[in-house]
1. Residue farthest toward the positive end of the dipole of the chain, with Cβ of Lys/Arg at +1 and Asp/Glu at -1: which of A213, L323, V255?
2. Provide the gained length on full extension for the span A189 to A75, in nm with one decimal, where the gain is 0.36 nm per separating residue minus the Cα-Cα distance.
3. Which is the longest stretch in the chain that no exposed loop site breaks, taking sites as trypsin sites (Lys or Arg not before Pro) with a DSSP loop state and at most 10 other Cβ atoms within 10 Å?
4. Expected output is a single nm value to one decimal: the length gained when fully extending between A29 and R41, i.e. 0.36 nm times separation in residues minus the C-alpha distance. What is it?
5. Search the structure for amide H atoms under 5 Å from the amide H of L31, placed 1.01 Å from N in the peptide plane, and list their residues when 5 or more places away or on another chain.
6. Between A253 and E155, what FRET efficiency follows from the Cβ-Cβ distance if R0 is 22 Å, with the result rounded to 0.05?
Amino acid sequence: LLVDAKVSAQVTAIFVKEGQRVRKGQVLAVLDATDFEMKVREAERRLRVAEAALKQLEAGTDPFDIAALRSEVEATTAQWALAQKEVATAHAQLTAARARYQQAVEAWKLAEAEVQTALQQAEENVRIAEAQVRQGQTALETTKELVKQEIAQAEAALRAAEMQAALVEEGVREEERERARAALAAAQAAFDEARRNLERARKLFAEGAISKADLEAFQTRYELARAQLQQAEATWQQVQKGARPQEREAARAQVAQARAAWEAAKAKQAEITLREQELVAAKARLAQAHFQLQLARANQRQVTLRKAEVDAALAQVQQAEALLQKAQAAERAAKARVDAVQAKIAQARRGARSEAFE
């Protein structure tokens, strides 16, 4: 329920709280009666002046009365001039209040736009950082799997080369023939796995989940597995045919080459450390992006403060408008008093007429 007063005045006391139940006739608040008391006193003064004017008409015009009226004209004119100055002052205060209100509105809109832009940018940075963390995790897992497979393939190639060299050196025995067959089967399985991994890597690269360097690593492992398969097939064929001196030398060279490839594959474990470092850096960027987002959200309080300043400036404008209206009313009243006294002087000079008595 909205409660309103029949007159406008400043509230000096409130005797109830919002939501409190009240009864008919209960005093809710007290308004400042200063202005109304002044109006009553002014009305009483005008009544006394009117009574004195009537007595003067009944008694006739006196030179001393005219002199008194002139003095009253001077006094009321001075009051009128003072009232005009108060109106000008109220006008200036209203203009200044409106300017402050406009500045507060512009500051509020600017702060709101800046905070909104910063918040959107912070949210976008968080999304980018999260995507980078996911990519880093995928790259780390992929690199671990690649290095593991490459080491396993290099070890298998080394065993195959050593077995082939042993076959060449010692000749073919039935158990060696079985090992050659098993090595061929293992090389074929490794080649099939490398081919499937290459196809999967191509899909991940097309989706942007791995880098071109990772794709090239899968390609390299595929080529290595194919070479190892070819070597295992050659070994199997060699087992079937037997060895010659130059083949023994070639077998030793293949063992040395396979051992070097195995050592190189183990050295690539450093790539795992690099991917781990990249993932740590991506997580740090994500943490920083979350921190910036929290700051952007905290800055939203600045918008609330600017809005409060706008409300305060608007209240000042309304107060200045009320003071101006009050000053204008006082100026009109002072002008009316000047006109009334001047009319009395004119009437005193003309003498009393019947309508004046009326």
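No lab work stands behind these numbers, since they all come straight from the coordinates. Quick caveat, the model's predicted, so the values are computed rather than measured. Virtual Cβ from ideal backbone geometry, glycine too; neighbours counted across all protein chains shown.
1. Farthest towards the positive end: L323.
2. On the way: separation 114, 0.36 × 114 = 41.04 nm, distance 11.87 nm.
29.2 nm is the gain from fully extending A189 to A75.
3. On the way: sites that count: K6, K17, R21, R23, K24, R353.
Segment 25-352 is the longest.
4. 1.9 nm is the gain from fully extending A29 to R41.
5. T12
6. Numbers: r = 19 Å, r/R0 = 0.85.
Rounded to the nearest 0.05, the efficiency is 0.75.
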